[in-house]
Amino acid sequence: MVSLVVAMGDNRVIGKDGWMPWNLPEDLKVFRKITIDQNIVMGRTTFEGMKKPLPRRHTYVVTRNEDYSYNHDDVTIVNDLAGLLTSYKDRKDVLYVTGGAQIYTEALPYVDEMWISLVDEHYNGDTFFPEFNPDDFIVVTKEKKEGFTLIHYRKKR
Ligand SMILES: NC(=O)c1ccc[n+]([C@@H]2O[C@H](COP(=O)([O-])OP(=O)(O)OC[C@H]3O[C@@H](n4cnc5c(N)ncnc54)[C@H](OP(=O)(O)O)[C@@H]3O)[C@@H](O)[C@H]2O)c1
């Protein structure tokens, strides 16, 4: 199964100057709760924006650079994003797609569900979540949190 986790603003903004435009501790808690002890995949840019790999998660880092390496037990470098996503489609365990924009865009056709934190305030930025058709999804839950609304979407079959 392929899941996607993102925090986005009203204009689908997700990033600014290499990081998120907002500071929402509650959203970070939600992200941790969803992804803890799971497999996550992120683009090389997002990975390098973090100080170190996220603890208690196995991280697939996607790059086209076949020489890219990172020596850590919980990090796997992947060149074939489509192959990774396809391999999880038929698996019971979940691959969580955690950004950034390039990875979200390429993963969107594969997702079975999405966790979207819709940020209350307007923020400007330079990186955006791809457009998607809400009619392709059903809203499973919608929960107001501090500074955002957490929406759980499931893809229609
Ligand atoms: N709001 C949120 O929830 C959220 C979550 C995550 C990230 N973000 C933000 O998103 C921004 C970064 O997004 P981004 O789009 O610039 O970068 P990104 O998606 O994190 O990474 C892009 C890189 O991934 C690799 N890549 C992309 N497609 C690939 C493919 N098909 N096969 C192999 N490698 C592939 C390439 O690495 P190489 O150049 O090494 O080949 C590419 O340069 C930051 O501002 C970050 O803070 C926001």
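We did not get these values from a lab; they are worked out from the coordinates using the rules stated. Everything numeric here is computed off the predicted structure, so don't read it as measured data. Cβ: placed from backbone, ideal geometry, glycine included. Neighbour counts: every protein chain shown.
A few points about this structure:
- Taking amide H atoms as placed 1.01 Å from N in the peptide plane, the amide H of residue 137 lies under 5 Å from those of 156, each 5 or more residues away in sequence or on another chain.
- Spin-label model, residue 56/residue 124: points 7 Å from Cα along the beta carbon direction are separated by 3.9 nm.
- The H on the amide N of residue 123, modeled in the peptide plane, is under 5 Å from the matching H of 10, 11, each at least 5 residues off or on a different chain.
- Computed [θ] at 222 nm, helices only, for the chain once each DSSP H run of length n ≥ 4 contributes -39500 (n - 2.57): -5500 deg cm²/dmol
- Between residue 79 and residue 1, the FRET efficiency from the beta-carbon distance, with R0 = 25 Å, is close to 0.65.
- Across the chain, C-alpha contacts under 8 Å between residues 6 or more apart give a mean separation that, scaled by the residue count, equals a relative contact order of 35 percent.
- Each of residue 145 and residue 91 was given a label point 7 Å from its Cα along the Cα-to-Cβ line. The distance between the two points is 2.4 nm.
- Violating pairs (Cα-Cα greater than 22 angstrom) within the set 51/89; 33/142; 52/144; 51/142; 33/156: 51/89; 52/144; 51/142; 33/156
- Between the C-alpha center of the stretch 97-155 and that of the stretch 1-80 there is a gap of 14 Å.
- Rounded to 5, the percent of DSSP beta bridges in the chain classed as antiparallel: 45
- Square roots of 5 times each gyration tensor eigenvalue, C-alpha, the chain, largest first, Å: 23, 19, 15
- Segment residue 37-residue 19, extension gain: residue separation times 0.36 nm, minus the distance between their alpha carbons: 4.1 nm
- Spacing of the modelled spin labels on residue 155 and residue 11, each 7 Å from Cα toward Cβ, amounts to 3.0 nm.
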